[in-house]
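Working notes, beginning with the structure itself.
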Amino acid sequence: MTTIGYVQQFVASVGPYFLRNRYIGAFLEAVATNYDLALQTLDFGLRLSQPLRCDSSALPVLSRDRGLPFYPGESDLSRRRRLTQWKQLARQWGTHPGELNNSQPYFLPYRPLMRIVHQDGLGASATWHTLDTNGQYTWHQQIPSNWNWDGIASKWSRFWVIAYAPVEFCSLVRYGDGTRYGDGHHYAGARESVTANDLVSMIKGKKSAHSRLSGYIIATDPASFDPTATAVTDPSGWTSLPTGNWGQPINSSGTRTRLPSALWIYDTRTL
């Protein structure tokens, strides 16, 4: 008989010689095989509640039981990671740290630096929330504000997400809505992209009711969007941070306003 499990191997190795003959030995190993199958069934059942060890078919069940929605383009690696953190995530729903922690696993096996930034209602300060590549959360308040989106400070509930995604990931996102502006570049409107929709939905689905996601930016330059920086104006006209001019990507004179290394996958200006 072919050995298939630990119990069967044990019985075959320790049984006395008179229990190893053709018929009794086969019978005892058959009984041991039933114990092996029972152990395998028990192990499989226990794994069903463990996101990192269960079969992929169990993930939707865990998603429903733990109230953690999946997204169409999300990998199993991301789903497993978020399911293991569902209690921590649930405690942070409606907060900017919670939005960042819920989104970062989507990029796995990468863990990109991610930020959320918003300005206060007086336009006096900008608050930057950062989740680094090790999962460490920090925040910084910049005074005077270095994030004046369109000069309308009273819209204090707006916020923007910035993800420093790797080059390999950026190629998966389709930018632009088919319209090329005066400088030949696409801006925002990546509505057809499953990836873009997933990333935006992960933020919108867990944000606070009073807040509004106004933009999702992929930063391809690691040095861009420094929370402590001051806006710098390029000779061609665009600025490194918004100075009240980013409400429209192309101003009335046909000049680009936003830094070219940043890619918008969501912008409420167009959606």
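The values are calculated or read from the model by the stated rules, or taken from the named source; none is laboratory data. As the structure is a computational prediction, the values presented were derived from the model and not from experiment. Positions of Cβ are backbone-derived with ideal geometry, glycine not excepted, and every protein chain shown enters the neighbour counts.
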Quick one: is Ser201 outside any loop (DSSP other than H, G, I, E, B), closer than 24 Å to Trp139 by Cα and touching a Lys or Arg at 6+ places or on another chain (Cβ under 8 Å)? no
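Looking only at residues in segment 237-271 that are of a type in the set (A, V, I, L, M) and under 27 Å from the mean Cα position of the chain (by Cα), which one is farthest from Ala223 (Cα to Cα)?
Within segment 237-271, the subset of a type in the set (A, V, I, L, M) is 241, 250, 259, 262-263, 265, 271.
Now narrow it down to the ones that are under 27 Å from the mean Cα position of the chain (by Cα): 241, 259, 262-263, 265, 271.
Values: Leu241: 12, Leu259: 12, Ala262: 11, Leu263: 15, Ile265: 20, Leu271: 28 Å.
Among those that are of a type in the set (A, V, I, L, M) and under 27 Å from the mean Cα position of the chain (by Cα), it is Leu271.
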In segment 215-247, how many residues are in a loop (DSSP other than H, G, I, E, B), free of Cβ contacts under 8 Å to residues at least 40 places away in the same chain and within 21 Å of Ser145 (Cα to Cα)? 8
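I'm trying to understand the selection: among the residues of segment 157-191, which are part of a loop (DSSP other than H, G, I, E, B) and either modelled with pLDDT of 70 or more or touching a Lys or Arg at 6+ places or on another chain (Cβ under 6 Å) (or both)?
Quick first cut of segment 157-191, residues part of a loop (DSSP other than H, G, I, E, B) only: 157, 164-166, 171-191.
Across segment 157-191, the qualifying residues are Ser157, Tyr164, Ala165, Pro166, Asp183, Ala190.
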Could you go through segment 222-230 and let me know if any residue there is of a type in the set (D, E, K, R), farther than 25 Å from Ala196 by Cα and surrounded by fewer than 19 Cβ atoms within 10 Å (Cβ to Cβ). no
Checking the structure you have, find out if any residue of segment 90-104 is hydrophobic (A, V, I, L, M, F, W, C), in the same structural domain as Ala163 (by TED's automatic domain parsing), crowded, with 20+ Cβ neighbours inside 10 Å and not in a helix (DSSP H, G or I). no
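Count, please, the residues in segment 120-144 that happen to be under 22 Å from Ser261 (Cβ atoms) and surrounded by 13 or more Cβ atoms within 10 Å (Cβ to Cβ). Break it down into steps so the answer makes sense when it comes.
Initially, segment 120-144 is screened for residues under 22 Å from Ser261 (Cβ atoms), giving 126, 128-133, 140, 142.
Next, from what is left, pick out any that are surrounded by 13 or more Cβ atoms within 10 Å (Cβ to Cβ): 126, 128-132, 140, 142.
Of the residues in that region, 8 qualify.
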Scan segment 219-246 residue by residue and report those that are farther than 18 Å from Gln142 by Cα and not β-branched (Val, Ile, Thr). Ala219, Asp221, Pro222, Asp234, Pro235, Ser236, Gly237, Trp238, Asn245, Trp246
Are there any pairs, at least 6 apart or on different chains, whose C-beta atoms fall under 7 Å, with the first in segment 80-93 and over 18 Å from Arg53 (Cβ atoms) and the second of a type outside the set (A, V, I, L, M) and part of a helix (DSSP H, G or I), and if so, which? Leu89/Arg82; Leu89/Gly98; Leu89/Asn101; Leu89/Asn102; Gln92/Gly98; Gln92/Asn101
